[in-house]
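The values are calculated or read from the model by the stated rules, or taken from the named source; none is laboratory data. Owing to the predicted nature of the structure, the values given are computational and were not obtained by experimental measurement. As a convention, Cβ positions derive from the backbone with ideal geometry for all residues, glycine included, and neighbour counts pool all protein chains shown. When the accessible area is computed, the model is the full protein with side chains, heavy atoms only, and any ligands, DNA or RNA have been set aside. Shrake-Rupley method; radii C 1.70, N 1.55, O 1.52, S 1.80 Å.
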Amino acid sequence: MLLGNHIFDNSSHEAFIFASNDFNPIHADAVLARKTISGKPIVHGIHSFLWALNLLYLKKNKIYQKFVIKFLKPVFLNDEISCLWDDKKELLKIIDKFGSCLVSIRCADMASNYKRTNHGLNTSMDLSIKTPNAIKFEDLSEGLSVKRFCKTDPKHIGDLFRELEKLFGIDVLIEVVRLSSIIGMQIPGRDSIFSQCRINLKLTECQPSLTIKSLDHRFKLIKLDYAGINLNASLEAFFRPPPITSDNSKIIAEKTNLLKRLPNHKVLIIGGSRGLGAWTAKILASLGSDVTITYNLGEEDAIEIQSDINRYLEGKCDYFHLDVNSISDLKINETYNQMYYFATPKIFGKQDSEWDEIIFEKFLSCYVNNFENIATSLIRSGTKKILFPSTIAIEKPVSGLEEYIEAKSLGEEKCKNLEKFFNIKIFTPRIDRVLTDQTATIFPTKSNDPFSVALDLIKIMNS
């Protein structure tokens with residue numbers, strides 16, 4: 001049965017950030033979140049759990065004391081989701097618009113006459129931190145114990161979950177909310193993905209403590225036990241891959257030392273502040289080309305690449321802001337010999353196998369319409385060669401990437417038309433999966449070395 005629909009907006013999301021003190025960048029920083037496997041900020045798992053629990057109480061007047069929560073897929077900000085209740089299975093599900101399950105909550109031990117007898121918490125020693133721990137999996141050991149936790153904000157918690165506060169009391173909610181910052185800020189901290197949680201609302205006489213129960217080195221999975229005053233919880237989290245960065249320019253220079261130089265080249269790299277674009281910029285500059293890179297959100301990334309190139313390499317680097325959805329941002333003050341087009345929306349992470357017209361339109365705009373506008377403008381200003389990286393998935397389809405594949409295929413057709421109309425050369429190499437922020441996954445997946453791929457693209461452009 002449908003309990004209700006909801007959209008987690010920026011207002012409630014920010015309120016939970018301050019309520020929980022969970023400032024993990026996958027939730028709290030749009031620029032840094034794009035470098036994670038989600039590609040953009042996601043709703044805290046505990047926030048989605050408490051919202052569903054609150055809805056169950058309001059709609060069905062059901063109260064439980066034990067929960068098994070599985071965070072199966074991310075809940076994104078500003079996406080409509082729904083909450084379903086299966087009375088026989090005592091199962092809550094948060095689903096997306098396609099019916100794909102995002103969060104599963106199995107309930108047990110119904111307490112129709114729940115009595116609020118929770119113990120107060122001593123929060124005087126709680127931690128006031130805003131930056132998550134950057135812990136390495138290898139530095140952890142089983143049995144490690146923690147007894148101090150991130151400071152929560154009772155007022156924000158009460159404002160978000162008024163009915164649950166009246167039912168369970170603020171101290172119970174503080175300990176539930178605390179579970180979010182344990183994972184996102186403390187252990188694993190910055191590079192975490194909350195996977196599963198078991199909660200048992202149970203009064204104890206113990207001071208809160210957290211213990212590492214086990215470590216799975218193969219999958220970098222950590223299991224923790226939280227013993228609280230008002231509840232016990234078992235937590236599971238993966239270490240997600242840290243942001244993928246390009247080699248510094250000193251290393252790039254060493255790798256390209258014996259290669260043919262490319263002086264007197266002025267190259268524009270659309271989307272050159274990160275990923276394959278950043279590698280391409282550094283390699284070209286190491287070969288003597290002057291490069292200009294564009295960024296959309298990450299100006300700090302662009303500044304860092306510019307500084308690195310200008311400090312160590314033969315070629316020089318400049319940068320400017322460009323949102324490919326707004327061609328008015330493109331101010332052409334000089335002629336570029338070549339243009340590389342690495343602009344892209346998030347490729348992976350579609351929630352369902354069904355065709356999604358909204359996702360397709362995003363790909364179509366980027367790879368066809370916006371590319372055509374930018375390419376046409378540059379060609380008329382004197383650009384002679386353009387690289388439009390396509391995908392091997394056109395030949396070897398991948399389930400879940402149908403919209404991406406179709407848009408790239410149409411992009412190839414657009415390149416042929418532009419090539420014929422303007423009598424220039426546009427290269428459309430079909431490349432395989434490359435190790436970048438876009439392709440990084442929790443589980444080991446084969447990806448090609450970005451240096452080798454970028455070098456091959458440069459050779460294609462200068463053959």
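Among (i) 1.18; (ii) 1.12; (iii) 1.05, which one is Cα Rg over 2.2 N^0.38 Å computed from these coordinates?
Step by step, Cα Rg over 2.2 N^0.38 Å for this structure corresponds to label (ii).
Put +1 on the Cβ of each Lys and Arg and -1 on the Cβ of each Asp and Glu in the chain; which of Tyr340, Leu457, Thr294 then has its Cα farthest toward the positive end of the dipole?
Of Tyr340, Leu457, Thr294, it is Leu457.
To the nearest 10 Å², what's Leu72's accessible area with a 1.4 Å probe?
100
When only C-alpha pairs under 8 Å and at least 6 residues apart count, what is the relative contact order of region 113-241, in percent? Write out the running numbers ahead of the final one.
Values: 234 pairs, mean separation 35.6, N = 129.
Over region 113-241, the number comes to 28 percent.
On a full-extension model of 0.36 nm per residue, what is the gain between Ile424 and Lys97, subtracting their alpha-carbon distance, rounded to one decimal in nm? Kindly include the intermediate steps, with their values, before the conclusion.
Numbers: separation 327, 0.36 × 327 = 117.72 nm, distance 4.41 nm.
Fully extending the segment from Ile424 to Lys97 adds 113.3 nm.
How tilted is helix 299-312 with respect to the longest principal axis of the chain? Cα atoms for both, answer in degrees (0 to 90, nearest 10).
Compared with the principal axis, the helix lies near 50 degrees.
Students often get this wrong, so check it: of Lys35/Lys282; Lys255/Lys384; Lys130/Lys155; Lys223/Lys446; Lys396/Lys446, which have C-alpha atoms separated by over 23 Å?
On the way: Lys35/Lys282 19 Å; Lys255/Lys384 28 Å; Lys130/Lys155 18 Å; Lys223/Lys446 26 Å; Lys396/Lys446 15 Å.
Pairs exceeding 23 Å: Lys255/Lys384; Lys223/Lys446.
Roll a 1.4 Å probe over the protein chains and send me the accessible area per residue for the chain in Å². List each step's numbers first, then the result.
On the way: 21340 Å² over 463 residues.
Using a 1.4 Å probe on heavy atoms only, each residue of the chain averages 46 Å².
With only Lys, Arg, Asp and Glu charged, each at its Cβ (+1 for the first two, -1 for the last two), find how big the charge dipole of region 339-442 is about the Cα centre; round to the nearest 20 debye.
Numbers: 14 positive and 15 negative charges, 154 e Å.
Computed charge dipole of region 339-442: roughly 740 debye.
Report the Rg/Rh value for region 198-326, based on alpha-carbon coordinates and the Kirkwood definition of Rh.
On the way: Rg = 23.8 Å, Rh = 18.0 Å.
Rg/Rh for region 198-326 comes to 1.32.
Mind ranking Glu163, Glu403 by accessible surface for me, highest first, 1.4 Å probe?
Highest to lowest solvent-accessible surface, that is Glu163, Glu403.
Hey, if you put +1 on the Cβ of every Lys and Arg and -1 on every Asp and Glu Cβ in the chain, which of His13, His47, Ile374 ends up farthest toward the positive end of that dipole?
Going by the charge dipole, the pick is His47.
Show which aspartates and glutamates lie in cross-link reach of Lys266 when reach means a straight Cα distance below 15 angstrom and same-chain residues fewer than eight apart are skipped.
Hits, sequence-local ones excluded: Asp290, Glu314, Asp318, Glu334.
Where does each of Met1, Met339 land when they are ordered by accessible area, with a 1.4 Å probe and the largest first?
Details: Met1 125, Met339 0 Å².
Highest to lowest solvent-accessible surface, that is Met1, Met339.
Determine the calculated [θ] at 222 nm for the chain from helices alone, applying -39500 (n - 2.57) to every DSSP H run no shorter than 4 residues and normalising by the residue count; nearest 500 deg cm²/dmol.
On the way: 14 runs with 145 residues, N = 463.
Value at 222 nm, helices only, nearest 500: -9500 deg cm²/dmol.
Over the chain, what is the relative contact order in percent, taking alpha-carbon pairs closer than 8 angstrom and at least six residues apart?
Numbers: 950 pairs, mean separation 58.0, N = 463.
Answer for the chain is 13 percent.
Percent of accessible area on the chain owned by carbon and sulfur, 1.4 Å probe?
Details: 10530 of 21340 Å².
Carbon and sulfur together cover 49 percent of it.
Give me the number: length gained by fully extending Thr204 to Ser353, i.e. 0.36 nm times residue separation minus the C-alpha to C-alpha distance, one decimal in nm.
Values: separation 149, 0.36 × 149 = 53.64 nm, distance 4.57 nm.
In short, 49.1 nm is gained.
Determine one quarter of the surface area of the Cα convex hull of region 339-390, which equals its mean projected area, and express it in nm² to one decimal. Intermediate results must be reported in sequence, preceding the final value.
On the way: hull surface 15.6 nm².
Convex hull of Cα atoms, orientation-averaged projection: 3.9 nm².
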